[in-house]
Structure formats: C-alpha cells, structure tokens
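Just below is one structure, and these are the notes that go with it.
Please treat every number below as a calculation from the coordinates, not as lab data. If you're wondering where the values come from, they're calculated on a predicted model, not measured in any experiment. In this analysis, Cβ positions are derived from the backbone assuming ideal geometry, glycine residues included, and neighbour counts consider all displayed protein chains.
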Amino acid sequence: MIVKEFVIHRADINNHCPNCFSARGMVFSFIQNQKENSWVIITAAEIQEQLFCQHCSQEIYPGSWDEAIERVYAYQRKCFQPMPSEVRLKKKGKIAVGVALMFLLSGVGLWISLQNGWL
Ligand SMILES: [Zn+2]
C-alpha cells in the first residue's frame, strides 16, 4: 500500500523558537495521510501536526511548546477543513464488489427458490 502525505494547512508563525529563540522561520504544518492500493483509497481521520523551525532546522515537539505557541496552535487548528475520512473504491474495487454482490444475490435467490420448490 502506498502512503501519501498531504499538507492540508501550512502557516508561518511569529513565535519564538524554544531552541534557538529566533522569532522568524517557525512553520506549522498539518498533515493528513492517505493509503492507496489498486483497489481502494483510504483517507485517515488522524491529523498530524508538525512545528518546524527553519532557523535551527529542528522540529519543535509539543512537550517544548510554550503557552503562546499553544494558543497559535489552537487558532491554526480551526483555520482549515480536514479531508473527510473515507474509504473510496477504485474501478477495480467497484467491479470486485459488484461481482461479489451478484454472486451473493444469485445464491440467495437460488436458495429461496429451492426452499419454496420453485425449481
Ligand atoms: Zn529554532
């Protein structure tokens, strides 16, 4: 299965980096994953947050966020609409489900016919 990452929201913020104290170059990224094979596309509901400082080239993990960063995070979290979590069948998957349903329905029809003595 191929896993694709989509950056659904990206924001440059003006907070101070807890590592290098630079006020420039902090970037919040909100990432959503999509898994795909030849049958289905599965969009995960989970959203990953990443805070990266371009000045010191380090990821700032939530444990070292200060209150100001938490407030900006809470605001940025409301600024976008995530992709809906779903399982979508591709053409090959739709054909497979269609064939399976056809066999199931014809099996049920045959069973009902045999039970009632119609055949
Ligand atoms: Zn930094």
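Restricting attention to region 21-30, does a residue exist that is assigned to a strand (DSSP E or B) and among the charged types (D, E, K, R)?
No, region 21-30 contains no residue that is assigned to a strand (DSSP E or B) and among the charged types (D, E, K, R).
Pick from SER106, SER57: which is closer than 30 Å to ASN15 by Cα and free of Cβ contacts under 8 Å to residues at least 12 places away in the same chain?
SER57
Here is a list of conditions, (1) of a type outside the set (Lys, Arg); (2) touching a residue at least 40 places away in the same chain (Cβ under 8 Å); (3) within 16 Å of the ligand (Cβ to nearest atom), and GLN34 meets all of them except one; can you say which number that is?
(3)
Pairs please, first residue from region 1-27 and over 27 Å from ILE42 (Cβ atoms), second anywhere and within 13 Å of the ligand (Cβ to nearest atom) and among the hydroxyl-bearing types (Ser, Thr, Tyr), Cβ atoms under 6 Å, 6+ apart in sequence or on different chains.
Every condition considered, the pairs that remain are PRO18/SER64.
Which count do you get for residues in region 37-51 that are touching a helix residue (DSSP H, G or I) at 6+ places or on another chain (Cβ under 6 Å) and either within 16 Å of the ligand (Cβ to nearest atom) or outside any strand (DSSP E or B) (or both)?
Selection size over region 37-51: 2.
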